[in-house]
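To start, the structure under review is shown below, and the notes come after it.
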Amino acid sequence: MSDRDLSVVVFGATGVTGRRVAAYLAERAGETGVRWAVAARDAAKLERVLGEIGVAAPETIVADVGDAASLAAMAARTRVVLDLVGPYTLYGEPVIEACVANGAHYADLTGEMPFVRRTIDAFHDRAAAAGVKVVQANGFEALPPDLAVLLAAETARQRWEEDLAEVDLEVAAQQPAGRLGLADLISGGTMQSTAEVLGGEGAAETADPAVLITEPEAAAEVRRRSPISLTPRFNARGDVIAPMTPAAFINPAIVQRTAALIDAERGRLAEPIRYREGIAIPGGSATLPLRCAAAAALGATQAGFRVLSRAQPAVRRRVADVLRRILPSSGFGPSGSRLDEWAWQVAVDARTAGGHYVRVDVDADGHPAYLATARMLGEVGLLLAEDGATPERAGCLTPAAALGTARLDRFERAGVRFSVSS
């Protein structure tokens with residue numbers, strides 16, 4: 001890639017998250033001198049949208065998911081393409097094809113697990129042979145949990161030469177004061193992606209923790225040892241632990257694939273981690289009924305989606321059609337005025353097979369699904385574009401397998417800090 005004139009291209013920078021990725025790269029380019037550009041099918045709209053938030057991209061590239069030649073030309077000029085054009089079930093494959101064929105690393109924000117599995121089946125061997133990294137799920141789901149679990153695993157191997165057996169992961173968030181609307185919590189793009197997953201090929205795989213494991217025996221062991229539970233529970237402090245939101249079916253599959261990829265490099269069959277996660281809802285005894293009700297509602301909603309994902313194709317398509325019509329479009333999202341007022345944490349409590357414990361903490365600033373996700377993806381692009389900043393492995397990789405833990409300090413610039421606390 002030494003002859004490329006660009007390091008990173010943000011494809012789809014007109015969207016709610018894409019424009020913030022562009023803003024982050026504009027800041028980082030001033031610090032690093034990195035060469036970057038934005039791309040979309042409508043150059044005038046892209047320049048107008050970025051102008052509204054005060055971002056002047058050094059170059060605008062015209063590219064369209066329906067025009068293979070334009071995608072190839074874009075990928076041939078850059079080291080990394082950051083793909084923000086979703087739902088990825090509909091629009092992701094042509095961009096990945098262009099990147100693999102033209103030797104550019106690829107990264108996106110998808111949480112659409114059936115699409116990720118199809119990507120692995122179709123592109124892993126080709127990408128590995130070409131030395132290309134195809135890295136998916138680089139947002140709040142699932143980059144921080146994936147990297148935190150890998151950091152815990154590496155710490156355990158360094159200290160005791162033992163592998164992790166169990167991981168409990170909890171997320172906590174502090175939101176701004178005042179009333180929050182739906183747009184402050186979940187984007188239209190995420191909701192439209194849910195509809196596409198439900199109506200698309202392989203929907204029944206959505207809730208499978210082993211959907212990304214390609215070795216049948218290892219996949220069966222993951223399902224046996226670490227099924228995804230949607231039942232609310234309590235932690236040792238008495239907090240109510242609700243299922244992960246907006247989806248409990250993303251992080252487990254990514255974490256298990258990372259473990260499988262690392263174990264394969266070590267020449268051993270993957271030994272699945274018993275992985276459990278959730279969102280902590282703290283409070284006193286007076287709020288306990290409300291907190292339990294909220295956790296139960298979150299669990300019931302996701303349980304309903306899991307049931308629908310296993311329904312007959314005709315039923316799923318009808319429900320998906322209704323959701324496409326009634327859910328907000330991909331432009332639905334929050335105003336930028338209060339995104340900086342959010343804070344969030346990820347705590348990983350891990351135990352090794354020999355009974356040793358490791359604690360990894362992630363402390364972060366900014367709205368997790370919008371601001372922090374955009375900054376993290378921007379930093380992923382910079383890391384992938386930099387020679388020697390990431391492990392040499394290639395193919396269809398998870399965030400942790402692609403990035404490793406040696407340069408976790410780089411995410412501090414994105415407002416996300418990792419530490420081993422015990």
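The values are calculated or read from the model by the stated rules, or taken from the named source; none is laboratory data. Being a predicted model, the structure only gives us computed values, none of them experimental. Cβ coordinates were reconstructed from backbone atoms using ideal geometry, including for glycine residues, and neighbour counts include every protein chain displayed.
Filter segment 277-316 down to the residues that are of a type in the set (Ser, Thr, Tyr) and either closer than 19 Å to Ser193 by Cβ or surrounded by 13 or more Cβ atoms within 10 Å (Cβ to Cβ) (or both) and list them by number.
Initial filter on segment 277-316 (of a type in the set (Ser, Thr, Tyr)): 285, 287, 301, 309.
Those that are of a type in the set (Ser, Thr, Tyr) and either closer than 19 Å to Ser193 by Cβ or surrounded by 13 or more Cβ atoms within 10 Å (Cβ to Cβ) (or both): Thr287, Thr301, Ser309.
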* Asked: Is it the case that Ala122 is over 17 Å from the mean Cα position of the chain (by Cα), farther than 27 Å from Arg41 by Cα and either in the same structural domain as Arg41 (by TED's automatic domain parsing) or surrounded by 24 or more Cβ atoms within 10 Å (Cβ to Cβ) (or both)?
  -> no
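Considering each residue of segment 77-98, count those that are in contact (Cβ under 8 Å) with a residue 60 or more places away in the chain and either part of a helix (DSSP H, G or I) or more than 11 Å from Val10 (Cα to Cα) (or both), and give that number. Talk me through it step by step, then tell me what you get.
Taking segment 77-98 first, the residues in contact (Cβ under 8 Å) with a residue 60 or more places away in the chain are 77-90, 95.
Cutting the leftovers down to either part of a helix (DSSP H, G or I) or more than 11 Å from Val10 (Cα to Cα) (or both) gives us 77, 79, 86-90, 95.
Selection size over segment 77-98: 8.
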* Asked: Which ones in segment 385-413 are over 16 Å from the mean Cα position of the chain (by Cα), crowded, with 17+ Cβ neighbours inside 10 Å and among the small types (Gly, Ala, Ser)?
  -> Ala385, Ala394, Gly395
* Structure fact -> Heads up, the helices (runs of 4 or more DSSP H) in segment 305-422 (entirely inside) with at least 1 residues that are modelled with pLDDT of 95 or more are 373-385, 399-403
* Residue count, segment 226-237 (criterion: in contact (Cβ under 8 Å) with a residue 12 or more places away in the chain and surrounded by fewer than 17 Cβ atoms within 10 Å (Cβ to Cβ)) -> 6
* Name the pairs: first residue in segment 1-27 and among the polar types (S, T, N, Q), second residue assigned to a strand (DSSP E or B), Cβ to Cβ under 9 Å, at least 6 apart or on different chains? -> Ser7/Trp36; Ser7/Thr78; Ser7/Arg79; Ser7/Val80; Thr14/Val38; Thr14/Ala40; Thr17/Gly139
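When you check Leu25 against the structure, is it farther than 30 Å from Ile250 by Cα and either buried (at least 22 other Cβ atoms within 10 Å of the Cβ) or in the same structural domain as Leu339 (by TED's automatic domain parsing) (or both), yes or no? First the steps, then the outcome.
On the way: farther than 30 Å from Ile250 by Cα: no; either buried (at least 22 other Cβ atoms within 10 Å of the Cβ) or in the same structural domain as Leu339 (by TED's automatic domain parsing) (or both): yes.
When the stated conditions are applied, Leu25 does not pass them.
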* To do: Go through segment 55-64 residue by residue and tally those that are without any contact (Cβ under 8 Å) to a residue 24 or more places away in the chain and either over 12 Å from Thr14 (Cβ atoms) or surrounded by 19 or more Cβ atoms within 10 Å (Cβ to Cβ) (or both).
  => 2
* Structure fact -> Ala73: passes all of (1) in contact with a helix residue (DSSP H, G or I) (Cβ under 8 Å, 6 or more places away or on another chain); (2) part of a helix (DSSP H, G or I) but (1)
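Table: residues versus (1) touching a residue at least 24 places away in the same chain (Cβ under 8 Å); (2) among the hydroxyl-bearing types (Ser, Thr, Tyr); (3) in a loop (DSSP other than H, G, I, E, B).
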| residue | (1), (2), (3) |
| --- | --- |
| Phe115 | yes, no, no |
| His124 | yes, no, no |
| Ala153 | yes, no, no |
| Arg157 | no, no, no |
| Leu169 | yes, no, no |
| Ala173 | yes, no, no |
| Arg179 | no, no, yes |
* With respect to Leu382, determine if the residue is of a type in the set (A, V, I, L, M) and surrounded by fewer than 21 Cβ atoms within 10 Å (Cβ to Cβ). => no
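Restricting attention to segment 28-53, which residues are aliphatic (A, V, I, L, M), in a helix (DSSP H, G or I) and surrounded by 14 or more Cβ atoms within 10 Å (Cβ to Cβ)?
If we filter segment 28-53 for residues that are aliphatic (A, V, I, L, M), which is where we start, we get 29, 34, 37-40, 43-44, 46, 49-50, 53.
Adding the requirement that they be in a helix (DSSP H, G or I) leaves 29, 43-44, 46, 49-50.
Of everything in segment 28-53, those that are aliphatic (A, V, I, L, M), in a helix (DSSP H, G or I) and surrounded by 14 or more Cβ atoms within 10 Å (Cβ to Cβ) turn out to be Ala29, Ala43, Leu46, Val49, Leu50.
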* With respect to Thr110, determine if the residue is in a loop (DSSP other than H, G, I, E, B), over 15 Å from Arg4 (Cα atoms), among the hydroxyl-bearing types (Ser, Thr, Tyr) and in the same structural domain as Arg41 (by TED's automatic domain parsing). => yes
* Asked: Only one residue in Val149, Val134 is outside any helix (DSSP H, G or I), surrounded by 15 or more Cβ atoms within 10 Å (Cβ to Cβ) and either of a type in the set (Val, Ile, Thr) or in the same structural domain as Ala374 (by TED's automatic domain parsing) (or both), so which one is that?
  -> Val134
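Where residues in segment 184-208 are aliphatic (A, V, I, L, M) and within 19 Å of the chain's Cα centre (by Cα), which of them is modelled with the highest pLDDT? Write out each step before concluding.
Filtering segment 184-208 down to residues aliphatic (A, V, I, L, M) leaves 185-186, 191, 195, 197-198, 203-204, 207.
Now narrow it down to the ones that are within 19 Å of the chain's Cα centre (by Cα): 185-186, 191, 195, 197-198, 203, 207.
Numbers: Leu185: 64, Ile186: 69, Met191: 76, Ala195: 84, Val197: 85, Leu198: 82, Ala203: 88, Ala207: 92.
Looking at residues that are aliphatic (A, V, I, L, M) and within 19 Å of the chain's Cα centre (by Cα), I get Ala207.
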